[in-house]
1. For the range 68-83, in order, what is each residue's ³J(HN,Hα) by Karplus, 6.51 cos²θ - 1.76 cosθ + 1.60 with θ = phi - 60°, in whole Hz (x at glycine and Pro)?
2. By what distance, in whole Å, do the Cα atoms of the range 210-301 stretch along each of the three principal axes, largest value first?
3. Sort 213-225, 245-257 by the packing proxy (mean of other Cβ within 10 Å over each peptide's residues), most packed first.
4. Just to confirm the number: angle between the C-alpha axis of helix 274-285 and the first principal axis of the chain, 0 to 90 degrees, nearest 10?
5. Hey, what D do you get for the chain in µm²/s if you plug the Kirkwood alpha-carbon radius into Stokes-Einstein at 4 °C and 1.567 mPa s?
6. What does the charge add up to near Ser267, with Lys and Arg as +1, Asp and Glu as -1, over the other residues with Cβ less than 11 Å from its Cβ?
7. If you take the beta carbon distance between Ser211 and Asp260 as r and set R0 to 41 Å, what does 1/(1 + (r/R0)^6) give as a FRET efficiency, to the nearest 0.05?
8. Kindly rank 184-194, 158-168 from highest to lowest mean number of other beta carbons found within 10 Å of each residue.
Amino acid sequence: MGARGSRLAQAMVAEFLARLGECPVVKFKNRVVMTDGDRDRKSSLREVSSASGNGSGAFTNQLGQELLEGRIDIAVHSLKDLPTAMPEGLVLAVTPPRADIHDAVCGSTLAGLRRGARVGTGSPRRIAQLKALRPDLTVVPIRGNVPGRLAKVKTGMDTVVLAAAGLRRLGLEDSITELLSLDDFPPSPGQGAIGIQLRATDTELREMLNSYGDPATDAAVRAERALLAELHGGCSVPVGAYAVPSGAGLTLTAQVTSLDGTQRVVSSTTGADPQLLGAALARTMLEQGAEAILRQIRVTV
């Protein structure tokens with residue numbers, strides 16, 4: 001079982017191993033894998049991903065390569081970091097239960113921030129959403145592991161924005177000042193979920209791992225990722241989306257925001273098939289103006 005060496009990645013490995021429990025058939029051994037995003041902590045994630053020869057996947061490409069070359073049998077990812085286009089020969093098992101999907105601020109509350117306050121985040125989505133709500137704020141790009149970004153509050157930042165799931169998994173939930181509303185800050189597709197990746201040919205292992213997944217979580221993240229794929233989005237594109245159970249299906253809500261926060265397209269729909277639901281909502285949003293926003297973003301970046 002391979003994963004990054006960060007405390008958060010290793011916490012996700014421990015979480016999944018605990019869910020597997022004492023498996024009578026397979027013994028699991030953990031292997032730490034260094035990714036491009038771990039080697040380069042100074043460049044933006046977009047720059048790191050481009051340098052690696054892929055438009056995304058700064059934290060995931062190396063894990064996929066380890067799988068394909070047989071050095072690991074299972075890769076544990078933060079699902080929001082995993083590109084929607086899966087390398088040939090690799091598949092995802094049914095997604096385990098999801099953690100908190102909200103973004104969180106640590107430091108001052110959003111409403112309590114003075115004009116011009118310094119807010120730390122390296123996520124284009126969060127930057128765009130912050131600018132849409134509080135254009136007066138000074139957003140400062142930051143990168144690094146969760147504890148390192150959290151420490152920025154003590155060294156000049158008024159607040160930082162992080163995923164609540166990561167803070168909770170690391171036992172740092174006491175640092176959360178406020179959970180941001182899903183209406184204004186819909187999360188990255190797949191946020192809070194663990195992606196379990198393996199080789200397509202390992203059908204017996206896949207069947208076993210599927211039995212430890214959560215069908216409701218799996219349906220939600222598949223809808224979110226289908227929307228992202230149809231929008232041709234990635235870590236550098238401000239797309240937020242989340243799906244929740246609704247009757248016999250799902251309600252999927254999504255937002256596309258311009259980089260300066262001045263334009264937003266928000267839409268929601270309900271359906272039974274996650275893949276069709278995500279693709280359909282994406283096409284609706286493109287017609288509603290998201291196409292122009294995304295086109296301008298791709299020119300800018």
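Derivation of every value follows stated rules applied to the coordinates shown; laboratory data play no part. Bear in mind the structure is a predicted one, so any value in this text is a computation, not a measurement. In this analysis, Cβ positions are derived from the backbone assuming ideal geometry, glycine residues included, and neighbour counts consider all displayed protein chains.
1. Here the 3J(HN,Hα) series is 4, 8, x, 7, 9, 10, 9, 10, 9, 10, 6, 4, 5, 8, 8, x Hz.
2. 44, 23, 18
3. Highest-to-lowest ranking by the protection proxy: 213-225, 245-257.
4. The two axes meet at around 20 degrees.
5. 66 µm²/s
6. Taking every Cβ under 11 Å from that of Ser267, the sum is +1.
7. Once the sixth-power term is evaluated, E becomes 0.30.
8. 184-194, 158-168
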